[in-house]
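Structure, as C-alpha cells:
The values are calculated or read from the model by the stated rules, or taken from the named source; none is laboratory data. None of these values were measured; they are calculated from a predicted model. Cβ sites come from the backbone with ideal geometry, for glycine too, and all protein chains shown count toward neighbours. Surface areas here come from the heavy atoms of the whole protein model, side chains and all, with no ligands, DNA or RNA. Shrake-Rupley method; radii C 1.70, N 1.55, O 1.52, S 1.80 Å.
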Amino acid sequence: MPDPKTIRALILDVDGVLTDGSIFLDDRGVETKRFNVRDGQGIATWLRLGFEVAIITKRASRGEHEIGAVMHRARELGIKHVIQGARDKSAALDEVIRLTTIPPEHMAYMGDDWPDIAPMKRIGLAITVADAAKEVQAIAHWTTTRTGGHGAVREAIERLLELKQLDPLTTT
C-alpha cells in the first residue's frame, strides 16, 4: 500500500460517495441531493490544512434556473475543482492533475462504482465506501466502515489526518 502521509489531494465521486446514491427528481426534472454535514466538515478541515479536494462525477446536475446541487455544495465548502458530466473519469483525472499540479501518486481517489475503477488504479491511494461495488472494493487500498452519504468521506479524512499525525482540532 502507498504511504498515506504523502497524500496532498483527495478526489471524490459524488453519487454513492458524497451521497447515498439516491437521486431525487421533482415533477419538473429538477434534481436534488442529500449531503452529510460531517463529510462537509471533514472536507472543510482538509482544505483548511492546505490540502486539495476535487470532485469528478459522471452526472451533471443542475436545476432549471440554478447551478445545481453539486456546484452549490462545492462552492459552500470551497472546492475549486469540479468536473461534472465526466464520461471518462480517467481523462477527468488528467484535468485535475493539470489544474492542481499534484502528481497522481500524491492523490487519493474515493469512488464506489465501475466508472471509478480506472482513475482509482492510477493514483496513490484508492479508497472506497462500505457499500461499493465488489469490483471497486477489490482494487481499493481502504474500505470505510461507513456507507456513501453517511460519513464515509469524513471517516477517510480522519484516517488520513491521523496517519499524517495532524490534529484537526488544533492544527491551523
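A few remarks follow.
- Bridgeable lysines around residue 134 (alpha carbons under 28 Å apart, same-chain partners fewer than 8 residues away excluded): 5, 33, 58, 89, 121.
- DSSP finds beta bridges in the chain, and of those with both partners inside it, around 10 percent are antiparallel.
- Built from the Cα atoms of the chain, the convex hull projects on average onto 9.3 nm², one quarter of its surface area.
- Modelled this way, with points 7 Å down the Cα-to-C-beta line, the labels at residue 80 and residue 165 are 2.9 nm from one another.
- Residues whose placed amide H lies under 5 Å from that of residue 143, excluding near-sequence neighbours: 128
- 3J(HN,Hα) along the range 43-57, derived from phi through the Karplus expression 6.51 cos²θ - 1.76 cosθ + 1.60 where θ = phi - 60°, amounts to 4, 4, 5, 4, 5, 4, 7, x, 8, 9, 9, 9, 10, 10, 9 Hz, with x in place of Gly and Pro.
- Rounded to the nearest 500, the helix-only mean residue ellipticity at 222 nm of the chain stands at -9500 deg cm²/dmol, with each DSSP H run of n ≥ 4 adding -39,500 (n - 2.57).
- Accessible surface of residue 73, taken over heavy atoms with a 1.4 Å probe and every protein chain present, rounds to 50 Å².
- List 110, 1, ordered by accessible area with a 1.4 Å probe, largest first: 1, 110
- Whole-Hz Karplus values for the range 126-140 come out as 9, 10, 9, 9, 4, 9, 6, 4, 4, 5, 6, 4, 5, 9, 6 Hz, taken residue by residue from phi with 6.51 cos²θ - 1.76 cosθ + 1.60 and θ = phi - 60°; glycine and proline positions read x.
- Sites residue 27 and residue 118, calculated FRET efficiency, Cβ-Cβ separation with R0 41 Å, nearest 0.05: 0.70
- Derived scalar couplings ³J(HN,Hα) [the range 27-34; Karplus, 6.51 cos²θ - 1.76 cosθ + 1.60; whole Hz; x for Gly, Pro]: 5, 9, x, 7, 8, 10, 9, 10
- Where 106, 141 fall by accessible area, highest first, once all protein chains stay in place (1.4 Å): 141, 106
- A straight line joining the Cα centroids of the range 1-36 and the range 114-172 runs 12 Å.
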